[in-house]
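> Before I ask anything, here is the structure I am working with.
What follows draws every value from the coordinates through simple rules; no lab data is involved. Predicted model only: the values in this text are computed from it and were never measured. Positions of Cβ are generated from backbone atoms using ideal geometry, with glycine treated the same way; all protein chains shown enter the neighbour counts.
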Amino acid sequence: MAAIHNDEQPKYFSGEKLYTPHEVSLFLGLSVESLRLYEREGLIVPLKLESGHRRFTEEDIEWITCIQRQIHENKLNFAGIRYLLAMLPCHEMKPCCLEDQMNCPAGDKSCRPCWNFENTPCRQKGENCRTCVVYQQVLNVENLKQILQVKFKCD
Ligand code: SF4
């Protein structure tokens, strides 16, 4: 369950401390607009309250820090990061049935990660990308590096 049915800005969710976009922007020294841009570009999937307000966990902050390093130090652009994320073997990680694999637009040749598509079979069934095992791997940056066997310089 990703949506929180309480609009009173809870400080914790599933035992994790939650941060507002403003807090994240102060902590990381980037603008709230940059956070929105990362979301629009399909790099992050924030936790959403029922009101639509975004919240971030410490794992999100670690991933956003990693994104910043890819952009500023490794000179990747948004498309390059999406391309790397598209290498996640989402059909194996879920795992999806053969029928869903055949009907999924996020196939092996995709240049975007599966959560960038509105019409994947899992999303059509109402599954939530934020809590999906695939996106959760992204939030574990060490695992992500191992899965992709790519040297994300996040240390
Ligand atoms: S629920 Fe979302 S993140 Fe999970 S496999 Fe489907 S599209 Fe990808």
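> Could you tell me which of the residues ASN103, ASN77 is among the polar types (S, T, N, Q), without any contact (Cβ under 8 Å) to a residue 24 or more places away in the chain and within 30 Å of PHE27 (Cβ to Cβ)?
ASN77
> Look through LEU43, LEU37 and report the one residue that is in a loop (DSSP other than H, G, I, E, B) and free of Cβ contacts under 8 Å to residues at least 60 places away in the same chain.
LEU43
> Follow-up question, since we're still on this one. For the condition in a strand (DSSP E or B) and within 19 Å of PRO21 (Cα to Cα), what is the one hit in ARG130, ARG55? Spell out how you get there, then give the answer.
Values: ARG130 fails: in a strand (DSSP E or B).
On inspection, the qualifying residue turns out to be ARG55.
Quick grid of which residues meet (1) out of contact with any Leu (no Cβ under 8 Å at 6 or more places or on another chain); (2) within 26 Å of GLY126 (Cβ to Cβ); (3) surrounded by 15 or more Cβ atoms within 10 Å (Cβ to Cβ):
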| site | (1), (2), (3) |
| --- | --- |
| SER25 | no, no, yes |
| LEU37 | yes, no, no |
| GLU41 | yes, yes, yes |
| GLY52 | yes, yes, no |
| GLN70 | no, no, yes |
| LEU84 | no, no, yes |
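> Could you tell me which residue of segment 114-132 is surrounded by the fewest Cβ atoms within 10 Å (Cβ to Cβ), considering only residues that are near the ligand (Cβ under 7 Å from one of its atoms) and within 15 Å of MET87 (Cα to Cα)?
PHE117
> Taking GLU62 and the conditions (1) within 16 Å of the ligand (Cβ to nearest atom); (2) under 26 Å from VAL24 (Cβ atoms); (3) acidic (Asp, Glu), which numbered condition does it fall short on, given that it satisfies the others?
Of everything listed in (1) within 16 Å of the ligand (Cβ to nearest atom); (2) under 26 Å from VAL24 (Cβ atoms); (3) acidic (Asp, Glu), GLU62 misses just condition (1).
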